[in-house]
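Here's the structure we're looking at; comments come further down.
Values in this text are rule-based calculations from the coordinates and carry no lab data. The structure displayed is predicted, hence computed values, not measured ones. As a convention, Cβ positions derive from the backbone with ideal geometry for all residues, glycine included, and neighbour counts pool all protein chains shown.
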Ligand SMILES: Cc1cc2nc3c(=O)[nH]c(=O)nc-3n(C[C@H](O)[C@H](O)[C@H](O)COP(=O)(O)O)c2cc1C
């Protein structure tokens, strides 16, 4: 997740929680100049991803730019690259990227032709069902099926849903049988029971991806595999590693608190009455106030027994 699950998050997560096979990286936007920014390069630097299976993701409408970036990543040792056809953001869609490409069938076909003819690395695709109507997915699937897509990750919403409404599971069910690539399901998995129900209903799905639910409950994957839930000690250690990492990376604890507040907008859902603490955290104007608010949360709020809540 862009702005949330960068390399410091991935490493801290792997240190304190288990159950994840693959970490998909926030998207990179390769530019025409064929140069990455320092910030982008820091996220995919092999040293920063040591010990975990990380999959870089590219957001572009240009086959040349995709192939250049995929080549750089393959040379660094990455074993797979993902194409983002799911991002619903208005600015991304207006540029014809992300889910915007789902409405530009001919352009998408040219892009996939270019990518799959020349990529020297397996390429997976993350997609939504369409722009406006899930019926759009059938011709899209017919297109995807023509290429050696190493995995198709489906978030069964359409672009205009953004993250609202329920995932369209009936449309997902209808599409699943016709997918040639292995299918990974993504969307609204918040509890271990959600994961179990999804696998029960769709035994043909070969992988599950979680975003918001996994930030809200970093032990989600462990629990989904029958392992333990998050304990307070691991959560505290995870938080402290992340906070110290951001403070060092940004050279400023104050800037680190801004990034941590975004993280807390998910993690508070794991604490009883977490919503009541959101304001205190938001108002914390300096690192001392932030740290006091965090101490209060860890020391006095019980963890939810059942599962995290996503607001
Ligand atoms: C803040 C934020 C950033 C995201 N960044 C990305 C991204 O960089 N690449 C991507 O494929 N999806 C991104 N997503 C979408 C999630 O990966 C996921 O598809 C979506 O949130 C639905 O799954 P979930 O219910 O498990 O969160 C982002 C979502 C959020 C809320």
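Report the extension gain between residue 201 and residue 118 in nm, rounded to one decimal, defined as 0.36 nm multiplied by the number of residues separating them, less their alpha carbon distance. Don't skip to the end; give the middle numbers.
On the way: separation 83, 0.36 × 83 = 29.88 nm, distance 3.68 nm.
Taking residue 201 through residue 118 to full extension adds about 26.2 nm, to one decimal.
If one takes the longest principal axis of the Cα atoms in the chain, at what angle in degrees, from 0 to 90 and to the nearest 10, does the Cα axis of helix 274-283 lie? Its long axis makes an angle of about 80 degrees. As a proxy for reagent exposure, 48, 155 were ordered by neighbouring Cβ count within 10 angstrom, fewest first; the result is 48, 155. Which percent, to the nearest 5, of DSSP beta bridges fully inside the chain are antiparallel? So the antiparallel bridges amount to about 5 percent of the total. Stretching residue 300 away from residue 231 to a fully extended chain increases their span by 23.4 nm, per 0.36 nm per residue minus the current alpha-carbon distance. Taking Cα atoms, how many degrees apart are the long axis of helix 232-250 and the longest axis of the chain, rounded to 10 and kept between 0 and 90? So the inclination is approximately 70 degrees. Taking a ≥ b ≥ c as the square roots of the Cα gyration tensor eigenvalues, segment 18-60 comes out oblate, since a/c reaches at least 1.5 and a/b does not exceed b/c. Working from the Cα coordinates of segment 1-127, the gyration tensor eigenvalues give, after taking √(5λ), semi-axes of 25, 16, 13 Å in decreasing order. Relative to the dominant Cα principal axis of the chain, helix 105-118 is inclined by about 90°. Per-residue extension of 0.36 nm, minus the Cα-Cα distance of residue 45 and residue 275, leaves a gain of 79.2 nm for this segment.
Normalised by the number of residues in segment 68-165, the mean separation of alpha-carbon contacts (under 8 Å, six or more apart) gives a relative contact order of 30 percent.
Mean sequence separation of contacting Cα pairs (under 8 Å, at least six apart), scaled by the length of segment 188-299, corresponds to a relative contact order of 21 percent. Where a ≥ b ≥ c are the square roots of the eigenvalues of the C-alpha gyration tensor, would you call segment 54-118 rounded, which needs a/c under 1.5, or, failing that, prolate if a/b is larger than b/c, or oblate? It is oblate, given that a/c is not under 1.5 and a/b is not larger than b/c. Only Cα pairs under 8 Å and 6+ residues apart enter the sum, and on that basis the relative contact order of the chain stands at 14 percent.
Can you classify segment 7-224 as rounded, prolate or oblate using the Cα gyration tensor, where a ≥ b ≥ c are the square roots of its eigenvalues, rounded means a/c under 1.5, and otherwise it's prolate if a/b beats b/c and oblate if not? Walk me through the numbers before you get to the answer.
Values: a/c = 1.60, a/b = 1.03, b/c = 1.55.
Since a/c reaches 1.5 but b/c is at least a/b, the shape of segment 7-224 is classed as oblate.
Using only DSSP helix segments of four residues or longer, with each worth -39500 (n - 2.57), what per-residue ellipticity at 222 nm results for the chain after dividing by its residue count and rounding to 500? Kindly include the intermediate steps, with their values, before the conclusion.
Numbers: 14 runs with 143 residues, N = 311.
The helix contribution divided over the chain gives -13500 deg cm²/dmol.
How far apart, in nm, are the 7 Å Cα→Cβ label points at residue 285 and residue 91? If labels sit at residue 285 and residue 91, their model points lie 2.9 nm apart.
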